[in-house]
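First the structure, in the form of structure tokens, and then the observations on it.
The values are calculated or read from the model by the stated rules, or taken from the named source; none is laboratory data. Model, not experiment: these values are computed from the prediction. Because the Cβ atoms are built from the backbone with ideal geometry, glycine has one as well, and the counts that use them run over all protein chains shown.
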Amino acid sequence: MCTCTSSRAAIPCVEKRRHGFRTFETAARTRFTVTSHSISADPLEILKAGNKRFVAGQPQSGPYGPNVAQFASDPLPFATVLACSDARVPVEVIFDQTPGNVFVLRVAGNVSTSFNLASIEFGIEAFKTRLILVLGHSHCGAIRAALGSARDGKTYRGHIPEIVDAVAPSVEAARDVPGDWAENAIAHNVARTMHDIVSGSEMVANAVEAGDVRVAGGIYNVATGWVEFT
Ligand SMILES: [Zn+2]
């Protein structure tokens, strides 16, 4: 039973969840019923609630100051989020999550790579994360770069073409879809990455099939702050 007594709403939750997670791990081995409210909570609902607080301008996380020490012990994130590197998409901020709550991977275009898959698997193996969220966003520069290549023949230097090539199939898939080409490509790219994660990792596929892990998608609107979940 958690004995946290802090009065701060966001900070004690971490300890409660930590205790709950340990309870969960024990329960998983012994097949006891999990009773912790924090474990029974849907990780996606936790993120949705945090995004709602962010948009409302009513975050519960921080300011930290000396309180940051409470998050220094081994983290037990409840979700893995694969997001774009875009500077307007600070994952913990838009979901109002304290340090240690979310295992975050970021790469331009939020595409699936071997290192991302390894990290996602690490999240499952080490932390038993129950949710993998692929997070795209409006006005994505990676998608726009690929759009510029497909529509205008733009070329890019260095390793940038690797990102462009990775999202290009989504741009092509959205070419004839009614509506805004870029925004449709962003949505397709999220779905495609979700598929790539499951098809590219036997560990993820098995965890999904067993009901231990859920793969979800979302698109963050950089203008409103809302995440639309798919
Ligand atoms: Zn982006």
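Got at least one residue in the stretch 174-181 being over 20 Å from Leu82 (Cα atoms) and small (Gly, Ala, Ser)?
Filtering the stretch 174-181 down to residues over 20 Å from Leu82 (Cα atoms) leaves 174-181.
This time we only want the ones that are small (Gly, Ala, Ser), so: 174, 179.
Yes.
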Cβ-Cβ under 7 Å, sequence separation 6+ or interchain: first residue in the stretch 94-108 and outside the structural domain of Ala79 (by TED's automatic domain parsing), partner surrounded by 23 or more Cβ atoms within 10 Å (Cβ to Cβ) and not hydrophobic (A, V, I, L, M, F, W, C). Which pairs? none
Residues that are away from the ligand (no atom under 13 Å from the Cβ), surrounded by 24 or more Cβ atoms within 10 Å (Cβ to Cβ) and not aromatic (Phe, Trp, Tyr): does the stretch 72-79 have at least one? yes
Is one or more of the residues making up the stretch 43-54 of a type outside the set (A, V, I, L, M, F, W, C) and modelled with pLDDT under 90? no
Counted residues, the stretch 49-84 - those being charged (D, E, K, R) and under 21 Å from Lys128 (Cβ atoms): 1
Just to be sure I understand, how many residues within the stretch 61-77 are within 20 Å of the chain's Cα centre (by Cα), closer than 9 Å to Pro99 by Cβ and assigned to a loop (DSSP other than H, G, I, E, B)? 2
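Checking the conditions here, which among Asn116, Asn184 is under 20 Å from Phe95 (Cβ atoms) and of a type in the set (S, T, N, Q)?
The match here is Asn116.
To keep it simple, each residue is scored yes or no on (1) without any contact (Cβ under 8 Å) to a residue 24 or more places away in the chain; (2) part of a helix (DSSP H, G or I); (3) within 16 Å of the ligand (Cβ to nearest atom).
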| residue | (1), (2), (3) |
| --- | --- |
| Ser112 | no, no, yes |
| Ile120 | no, yes, no |
| Leu133 | no, no, yes |
| Gly136 | no, no, yes |
| Ala146 | no, yes, yes |
